[in-house]
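Peer 1: The structure that follows is given in the form of structure tokens.
The values are calculated or read from the model by the stated rules, or taken from the named source; none is laboratory data. Please read these numbers as outputs of a predicted model, since none were measured by experiment. Using ideal geometry, Cβ is built from the backbone for each residue, glycine included, and neighbour counts are taken over all protein chains shown.
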Amino acid sequence: MLVVAERLNSTRKSVAPAIKERNTEFVIKEANDQVAAGGDYLDCNAATVGPEAEPDTLCWMVETVQGAVDKPCALDSPNAAAIEKALAVHKGTAMLNSITAEKAKYDALMPLARDHQTKLIALAMDDSGMPKTAGERIIVARKLIDALVGDGIELRNIFLDPLVFPVSTDPQNGHHVLNTLRAIKEAYPQVNTIGGLSNVSYGLPERFIVNRAFAVLCLGAGLDAAIIDPLDKKLRSLVYAAEAILGKDDYCMNYVTAAREGKLER
């Protein structure tokens with residue numbers, strides 16, 4: 001499973017002041033810790049500094065992160081100006097988080113993804129609002145995927161996000177995600193799937209337990225990538241085990257290697 005490491009997000013209370021103050025030492029430590037824990041892409045979100053300051057701040061984040069670690073970034077912003085400026089300094093293949101089928105957002109971000117050949121997280125929502133059921137999500141997802149392909153985005157660069165909502169607000173929310181994942185993987189085998197898994201546990205005690213269970217279930221339904229905290233060793237351990245069971249780890253070599261390197265935790 002491809003891991004988008006989520007910790008460098010300015011919406012986190014512990015991170016917002018560091019981003020606002022451009023605390024280089026803080027960002028470098030977080031980047032190093034997340035890569036050491038298995039992060040493949042590092043989420044970079046500077047949204048809380050405001051729309052005017054965001055472009056320059058996001059550029060600073062990207063340059064600071066990539067100056068410390070040899071990993072690409074997931075540019076996490078709805079601000080096309082910030083994305084465009086960050087792409088100009090980014091090294092390697094970036095990931096854009098995220099596009100939707102909403103016309104204004106689609107028109108602003110799709111050309112950037114196409115022209116820079118980025119990975120692209122695509123949320124299953126449009127101008128009609130947030131779809132509630134799996135059926136509604138699947139209709140929007142198919143429309144969005146077909147539009148992206150028609151505009152020159154390769155299927156392998158699309159990461160479809162089925163929208164994860166808290167099970168505390170609707171007991172069927174987890175079920176809708178699993179059904180959407182299965183349907184999308186069946187209809188578009190080359191499209192990747194991704195999700196911000198921690199949203200599922202919002203409002204619940206001991207959230208990590210719910211997140212870990214959900215990660216295993218999502219892998220079984222066809223999840224390819226996840227936006228998670230890679231420093232949660234128990235979650236990562238369950239992911240290694242689940243991939244071995246699902247036949248996604250040839251001869252269990254990733255699991256065995258993780259065990260030998262002390263990356264597994266009971």
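Peer 1: Filter segment 108-138 down to residues that are of a type in the set (G, A, S) and either touching a residue at least 24 places away in the same chain (Cβ under 8 Å) or touching a Phe, Trp or Tyr at 6+ places or on another chain (Cβ under 9 Å) (or both), then give me how many there are. It would help to see each step written out before you state the result.
Peer 2: To start, the set of residues in segment 108-138 that are of a type in the set (G, A, S) comprises 108, 113, 122, 124, 128-129, 134-135.
Now drop any that are not either touching a residue at least 24 places away in the same chain (Cβ under 8 Å) or touching a Phe, Trp or Tyr at 6+ places or on another chain (Cβ under 9 Å) (or both), which leaves 108, 113, 122, 124, 134.
Residues in segment 108-138 being of a type in the set (G, A, S) and either touching a residue at least 24 places away in the same chain (Cβ under 8 Å) or touching a Phe, Trp or Tyr at 6+ places or on another chain (Cβ under 9 Å) (or both): 5 in total.
Peer 1: For segment 207-264, give me each residue that is among the β-branched types (V, I, T) and either closer than 18 Å to R7 by Cβ or in a loop (DSSP other than H, G, I, E, B) (or both).
Peer 2: Within segment 207-264, I227, I228, V239 qualify.
Peer 1: Among the candidates D126, D107, single out the residue that is surrounded by fewer than 16 Cβ atoms within 10 Å (Cβ to Cβ) and over 22 Å from A226 (Cβ atoms).
Peer 2: D107
Peer 1: Does any residue in segment 1-30 that is free of Cβ contacts under 8 Å to residues at least 24 places away in the same chain come within less than 6 Å, Cβ to Cβ, of a residue that is in a loop (DSSP other than H, G, I, E, B) and surrounded by 15 or more Cβ atoms within 10 Å (Cβ to Cβ) six or more places away or on a different chain, and which pairs are these?
Peer 2: Every condition considered, the pairs that remain are E30/R7; E30/L8.
Peer 1: Only one of (1) touching a Gly at 6+ places or on another chain (Cβ under 6 Å); (2) part of a helix (DSSP H, G or I); (3) over 22 Å from R236 (Cβ atoms) is not met by P166, so which one is it?
Peer 2: (2)
Peer 1: Mind telling me which of the residues N192, N199, N157 ends up being within 22 Å of M110 (Cα to Cα) and surrounded by fewer than 22 Cβ atoms within 10 Å (Cβ to Cβ)?
Peer 2: Step by step, each of N192, N199, N157 is checked, and only N157 is within 22 Å of M110 (Cα to Cα) and surrounded by fewer than 22 Cβ atoms within 10 Å (Cβ to Cβ).
Peer 1: Same structure again: Could you check A74 against (1) among the aliphatic types (A, V, I, L, M); (2) out of contact with any Phe, Trp or Tyr (no Cβ under 8 Å at 6 or more places or on another chain); (3) not assigned by TED's automatic domain parsing to the domain that holds L155 and say which number it fails?
Peer 2: Exception for A74: condition (2).
Peer 1: May I pose another question? Scan (1) touching a helix residue (DSSP H, G or I) at 6+ places or on another chain (Cβ under 8 Å); (2) assigned to a helix (DSSP H, G or I); (3) basic (K, R) for the single condition R114 breaks and write down its number.
Peer 2: It fails just one condition, (1).
Peer 1: Looking at segment 158-179, I want the residues that are over 23 Å from T118 (Cα atoms) and charged (D, E, K, R) and have a partner that is part of a helix (DSSP H, G or I) and at pLDDT 95 or above with Cβ atoms under 9 Å, at least 6 apart or on another chain. Which pairs are those?
Peer 2: Pairs that qualify, where the first residue is over 23 Å from T118 (Cα atoms) and charged (D, E, K, R) and the partner is part of a helix (DSSP H, G or I) and at pLDDT 95 or above, are D170/H176.
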